[in-house]
1. Can you give me the distance in nm between label points at Val70 and Ser40, each placed 7 Å from the Cα along the Cα-to-Cβ direction?
2. Using bins 10 angstrom wide from zero, how does P(r) for the stretch 94-140 break down, in % of all Cα pairs?
3. Using Cα springs under 10 Å in a Gaussian network model of the chain, which residue among Ser50, Ser68, Ser40 shows the largest mean-square fluctuation?
4. How much solvent-accessible surface does Glu78 expose, in Å² to the nearest 10, with a 1.4 Å probe and all protein chains in place?
5. Can you order the peptides 8-21, 172-185, 201-214 by their average number of other Cβ atoms within 10 Å per residue, highest first?
6. How big, on average over all directions, is the shadow cast by the Cα convex hull of the stretch 1-138, in nm²?
7. Which percent of Cα-Cα pairs in the stretch 25-99 sits in each 10 Å bin, short to long?
8. Ignoring ligands and nucleic acids, what accessible area does Thr107 show with a 1.4 Å probe (Å², nearest 10)?
Amino acid sequence: MLRFRVGALSSFISLLLIWEVISLPGLLPSPLTTLRYLASLDPESIALHSIITLYNSFAGFSLSMLLSLVLGFLSHREELIRGFSMGICSLFNSTSALIWSLILVSTIGILSPLPPILVASAVSLPQLLSATIAALDSVDKNLIEAVRSLGGSSVDEYLDVIIPGSLPMIIAASRVALGLSLRISVVAEAFGSSGGIGYMIMRSYNLADAPGVLAWSLILIALVLALDRLLLMPVEERSSSWLK
């Protein structure tokens, strides 16, 4: 574990050194300049735009999770629905977040709060849907037969075997999908939104404010890391230990 932590720390130090070297000829603001700019930002502004981005991400993730669970369980019982679901996964995996952003912003409106939510949902849906179908397929069939041999109903099969057996894999996919939603919603915010970290990054870019672009990018990175380490990773570990 110590060697792992040293390796992880060395990766951050290496990236910081590379950033410092690139900034020497003036190609980018230095890390120190960026941190000073970050310290000068209004904490209320940071909190407000971070909350907007978190809301967009969680809303988009929740929508895709709901669709994935519905389609996943229907696909588990009906081949026609499975084919439909896999087609959705292929189509959505082939469409970039940029395309979704431009289409939704142009059709719904640049000031509508919906494009960042729908883009986050569209990008995370194939990840969650394919993982849900795979998780349901991976459940031990012998356990299902055991429940049937004991006179259990279809409801018992789902409550006692299928749902508990597939939950860890679904939660692991949710960890990836939620982090993806958080990063992708920023793209939609940059193209059409009145707030959020992506909006502030694009605003700084339009003002030729390079330290602002990097400072808000660091805020996004910190937000993603904090969400993953403090919430998503503990939930995933707890679900895996519960299964054991």
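The values are calculated or read from the model by the stated rules, or taken from the named source; none is laboratory data. Predicted model, so just to flag it, every value in this text is computed and none were measured. Neighbour counts run over all protein chains shown; Cβ positions are idealised from the backbone, glycine included. Note: areas computed on protein heavy atoms with side chains; ligands, DNA, RNA excluded. Shrake-Rupley method; radii C 1.70, N 1.55, O 1.52, S 1.80 Å.
1. Each label point is offset 7 Å from its Cα along the Cβ direction, giving 4.9 nm.
2. Spelled out per bin, shortest first, that is 26, 38, 21, 12, 3.
3. Fluctuation is largest for Ser40.
4. 90 Å²
5. Descending packing order for the listed peptides: 172-185, 201-214, 8-21.
6. For the stretch 1-138, the mean projected area of the Cα convex hull comes to 13.2 nm².
7. P(r) over the stretch 25-99, rounded to whole percents: 15, 25, 22, 18, 14, 6, 0.
8. Per-residue accessible area (Thr107): approximately 100 Å².
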